[in-house]
Amino acid sequence: MSDEMQLLEERVNREYEFGFTTDIETDTIPKGLSEDVVRLISKKKNEPEWLLEWRLKAFRHWQTLKMPKWAHLKYPEIDFQDIIYYAAPKTSKVKPDSLDEVDPELLKTFEKLGISLKEQKRLTGVAVDVVMDSVSVATTFQSQLAEKGIIFCSMSEAIQKHPDLVRKYLGTVVPMTDNFFAALNSAVFSDGSFCYIPKGVRCPMELSTYFRINQENSGQFERTLIVAEDGAYVSYLEGCTAPRRDENQLHAAIVEILAGDEAEVKYSTVQNWYPGDENGVGGVYNFVTKRGLCRGHHSKISWTQVETGSAITWKYPSVILKGDYSIGEFYSVALTTGAQQADTGTKMQHIGKNTRSRIVSKGISAGKSQNSYRGLVHVAKGAENTRNFSQCDSLLLGDKCGAHTFPYIESRNNTAIVEHEATTSKIGEDQLFYCEQRGLDAEKAVALIVTGFAKEVMNNLPMEFAVEAQKLLAVSLEGSVG
Amino acid sequence: MLSIKNIHASIEGKEILKGLSLDVKAGEVHAIMGPNGSGKSTLASVLAGREEYEVTEGTIDFGGKELLELSPEERAKEGLFLAFQYPVEIPGVSTTNFIKAALNEKRKYQGLEPLDAASFLKLLKEKAALLELDKSLLSRSLNEGFSGGEKKRNEIFQMAVLDPKLTILDETDSGLDIDALRIVAKGVNTLRNESHAIIVITHYQRLLNYLQPDFVHVLMNGRIVKSGGKELALELEEKGYDFIKEEMQESLTA
């Protein structure tokens, strides 16, 4: 291995820059999971009876399930009795009405993460809901959005203020019985974001949720629900980080999206949970179910994700293309370094006629990490004239990492056109040397090559986010790439 | 500008250069010729700083600095440019962005501000015209899907933009048809000036017809065995390398 590659290796194993903890008093419940715990969470959140029943049903179903093992991931048995299922910063037991009432420690935490909650300080154009451990601590720009009839608030708030909407849509895209982690989340979900765009409304700003795990030994189980009525449009951003800890933390979230006739939802994620150290100690286990339903004709749901964090990633943002002429898109950059493992991809379920989907997945593996793409394109019998295009590219840095592709195609309609392309390449010594000969040092060379590799996906991110994501890629690669 | 003294270099334990010495002054064009395996490309790699090559003996002075102590990127920023025999492809990075990054790194090294967008584009346009490079190539991924001729012209184009003190053309003529050869030679000739030295590594006379080198050196078995003016290249073309081998034999037995 050349010196450059070694340098890259070392850099990849850099310190995680968001690894600090916030010293704040937290209201936690004892470790462990039981019906009583589910009841306690529901009570703490002052929930209506129907929701408690819904949670209990999910919990009972979860008890009948086993943790899935089919992914290309290695991890020890998770002891679900050793996790804290509810942790809330004490000051926000009752969500403050104004930011002046938010604990300054919390504000500082988010300032440090680069998220200013003071609206006047923020760049205009992004409203943000921030969730720390199990609860939302603040949501900005709510009143401006309300003028257009847009609801953007924490899930807890939505349950209190808009119970009918929540009840109507919760679990309609990801049923509580969907899978092991979905059932678990349905039983114990604590907070998350709720977003409702009424008919014909174009959301005038980006909506954003920022998730932060702080409490030790706690799991984070947030739930996000986005409903875009006919003709509505919204672009949604999600970011996340966690402190550096030696124990693994569990994150099992659900995101549900519904798009009506001619509605469009763009969902972008920059996932940067703590990845653990270079030997695989600590880090977040990220088991997430994300799914969108294009229920109306000409509707469109687009997932864009930049995944650089987590010790383990298990995540397949999917689209059910039910409405005729609906469109599903999945753009992904997954970067794994150190001992990280990612098994991520998408599912495109074509049900309506003339539906189209596009999958662009870019996996970058460094260190001794394992990076897998797993995707399903399903064409139902009645889905006439379906089109799908998938492209899965892998880039390897060094010779100890792995890249894997598991594409599944199921077509029950012979008018469907399904295309799949895949490539695997390595950053070669030749490429590095070429860049160096032009005056770029190894680190800049790798950043340039990786940026080029991920370009098609990055171009899909909203401007502000793209810059952040590009920086994140470069930082994540520091010391791991030569 | 460049003074190579008694360089020994090996790769994977095998010695390729065995005491090579060469002096190149600013403004001069030197051609290095020699049979396959004589060490021509090794010389290019050693000058550019490819780390697979280990220099076991000798010194190389480049504009008053010891070249061997500089990293490849420092050498580049000091003004050493290698036109690669096999330019690599970098998907997703346009030629424009690549050359911009390179140029700004060099300017930073020289204590200059990055070039503003308008001046940069003007510079690109001017140099692209010189190499008859289609503008669409500049927005395409670097070397991806370029023809052999386009790749070589792109190398000379980068040289033109980066304005080096010393350029090494490593078999730039290989794989070029006659038109591409003419364009490349024209580009190089335009950039020939008093402050720019050029080392042309080649197998054949034909590029030298266009470039008219000041000196021609024959490299054999890791050493320069014969030097002369441009007429030496013609002689080689006519007689092959064998006559030099014979000459060497004679001088050994004499």
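The values are calculated or read from the model by the stated rules, or taken from the named source; none is laboratory data. Model, not experiment: these values are computed from the prediction. Every residue, glycine among them, receives a Cβ derived from its backbone with ideal geometry; neighbour counts consider all protein chains shown. What goes into the accessible areas is simple: the full protein's heavy atoms, side chains included, and nothing from ligands, DNA or RNA. Shrake-Rupley method; radii C 1.70, N 1.55, O 1.52, S 1.80 Å.
Of note:
- If both residues of a DSSP beta bridge must be in chain B, then about 60% of such bridges are antiparallel.
- Total charge dipole magnitude, segment B:72-131, about the Cα centre, Cβ charges on Lys, Arg, Asp, Glu only, Debye to nearest 20: 160 debye
- Sorted from longest to shortest, the spans of the Cα atoms of segment B:25-165 along the three principal axes equal 46, 38, 30 Å.
- Summed over both chains, the contact between A and B buries some 2100 Å² of accessible surface at a probe radius of 1.4 Å.
- Carbon plus sulfur fraction of accessible area for the protein assembly as shown, probe 1.4 Å, in percent: 48 percent
- Between the helical axis of B:230-239 and the longest alpha-carbon principal axis of chain B there is an angle of about 60 degrees.
- Relative contact order of chain B, pairs being alpha-carbon contacts under 8 Å that are 6 or more residues apart, as %: 28 percent
- Rounded to the nearest 10 degrees, the inclination of helix B:117-130 to the longest alpha-carbon principal axis of chain B is 50 degrees.
- Label zone of residue B:59 (point 7 Å out along Cα→Cβ, amide N under 20 Å): in segment B:1-21 this covers B:1-10, B:18-21.
- Considering only beta bridges that DSSP places wholly inside the protein assembly as shown, some 20 percent are antiparallel.
- Rolling a 1.4 angstrom probe over the protein heavy atoms with all chains in place gives segment A:353-482 an accessible area of 39 Å² per residue.
- Take every Cα pair under 8 Å whose residues are at least 6 apart in sequence, average their separation, divide by the length of segment B:1-103, and the relative contact order is 28 percent.
- Only Cα pairs under 8 Å and 6+ residues apart enter the sum, and on that basis the relative contact order of segment B:154-254 stands at 23 percent.
- Calculated accessible area for segment B:119-254 comes out at 47 Å² per residue, all protein chains present (probe 1.4 Å; ligands, DNA, RNA ignored).
- Per the Kirkwood formula applied to alpha carbons, chain B shows a radius of gyration over Rh ratio, Rg over Rh, of 0.98.
- Rg/Rg_ref, segment B:183-254, where Rg_ref = 2.2 N^0.38 Å and atoms are Cα: 1.27
- Per-peptide packing, taken as the mean over residues of other Cβ atoms within 10 Å, places A:272-283, B:107-118, A:325-336, B:16-27 in the sequence A:325-336, A:272-283, B:16-27, B:107-118 from highest down.
- Cα point-scatterer Debye curve for the protein assembly as shown, base-10 log of I(q)/I(0) at q = 0.05 Å⁻¹: -0.33
- Whether segment B:1-86 is rounded, prolate or oblate, judged on the alpha carbon gyration tensor where a/c under 1.5 counts as rounded: rounded
- Taking every Cα-Cα distance in segment A:150-234 and sorting them into 5 Å bins starting at zero, the pair-distance distribution P(r) comes out as 3, 13, 22, 23, 20, 12, 6, 2, 0 percent.
- Counts of other chain beta carbons within 10 angstrom of each beta carbon in peptide B:85-98 average 5.
- Distance between segment A:388-465 and segment B:189-254 - C-alpha centres, whole angstrom: 44 Å
- Segment A:141-196: C-alpha gyration tensor shape, a/c 1.5 cut-off, then a/b vs b/c: prolate
- When the alpha carbon gyration tensor of segment A:34-78 is reduced to an equivalent ellipsoid, its three semi-axes come out at 28, 11, 9 angstrom, largest first.
- Computed from the alpha carbon positions, the gyration tensor of segment A:233-347 leads to an equivalent ellipsoid with semi-axes of 31, 11, 10 Å, biggest first.
- Taking only alpha carbon atoms, segment A:389-430 gives an Rg to Rh ratio of 1.16, where Rh is the Kirkwood radius.
- The label point for residue B:235 and the one for residue B:66, both projected 7 Å from the Cα toward the Cβ, are 3.7 nm apart.
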